[in-house]
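Since the structure comes first, as structure tokens, the remarks are kept for the end.
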Amino acid sequence: MSGFKDVSHLFRFAGLFVIAFLVFLVVRVYVVPKSFGEYGHYRAAAIGEIAAHPIKFAGHQACESCHSDIADTKAKGAHAHVNCEACHGALATHANDPSSMTPVKPDTLVLCARCHTASAAKPKGFPQVNPADHMGGVPCQTCHNPHSPAIGSDTGKGAAAGGTK
């Protein structure tokens, strides 16, 4: 029986553990949103909150409906599956009222390098360059039409003409 007289510290620790657990449950009621867990491990109210955000992107169909000449050039080139807004920014405002804003004319020295800088992680057939060696500070559109970037494909004409309608 002498072994049981030394376990009082274990009962105190167990009591503290139970109290801490009860405090955790009470705090959890006030901290965790009511809609949490309604659709799995998510906050269900987030769906409505996200849907309430204004639409910023128009989609490539909106661009192509007005800029069909660019869309035709782009469809034949390597950037056929790159959406317009990936380079020109969110354009819902422009699509709704073209005079309200002008699409971004990207700095091709920076923009093209984002995708085409050489990296072993990219697929083998993907066009890759070392920007410092390849361009020497000359904008990409000097030699490549950004909408159809192969050399000799309307080289520079799309960029010089502004690339928009």
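For this structure, a couple of remarks:
- In this structure, residue 75 does satisfy being of a type in the set (A, V, I, L, M) and within 17 Å of residue 145 (Cβ to Cβ).
- Filter pass, residue 6 being at pLDDT below 90 and within 24 Å of the chain's Cα centre (by Cα): no
- Across region 99-138, the number of residues qualifying as β-branched (Val, Ile, Thr), part of a loop (DSSP other than H, G, I, E, B) and either touching a helix residue (DSSP H, G or I) at 6+ places or on another chain (Cβ under 6 Å) or at pLDDT 90 or above (or both) comes to 1.
- In region 38-86, the residue that is surrounded by the most Cβ atoms within 10 Å (Cβ to Cβ) out of those that are of a type outside the set (D, E, K, R), touching a helix residue (DSSP H, G or I) at 6+ places or on another chain (Cβ under 7 Å) and part of a loop (DSSP other than H, G, I, E, B) is 84.
- Exactly one residue out of 129, 104, 110 is closer than 24 Å to residue 68 by Cβ and among the β-branched types (Val, Ile, Thr): that is 104.
- You will find that of 65, 148, the residue that is among the hydroxyl-bearing types (Ser, Thr, Tyr), modelled with pLDDT under 85 and out of contact with any Leu (no Cβ under 7 Å at 6 or more places or on another chain) is 148 and no other.
- Some residue of region 77-84 being out of contact with any strand residue (DSSP E or B) (no Cβ under 7 Å at 6 or more places or on another chain) and farther than 30 Å from residue 110 by Cβ: no
- Conditions (1) over 20 Å from residue 150 (Cβ atoms); (2) in contact with a Leu (Cβ under 7 Å, 6 or more places away or on another chain); (3) of a type outside the set (A, V, I, L, M); number of the one not met by residue 87: (1)
The values are calculated or read from the model by the stated rules, or taken from the named source; none is laboratory data. Just so you know, these numbers come straight off a predicted model, no measurement behind them. For neighbour counting, all protein chains shown are included, and Cβ atoms are generated from backbone atoms with ideal geometry for every residue, glycine included.
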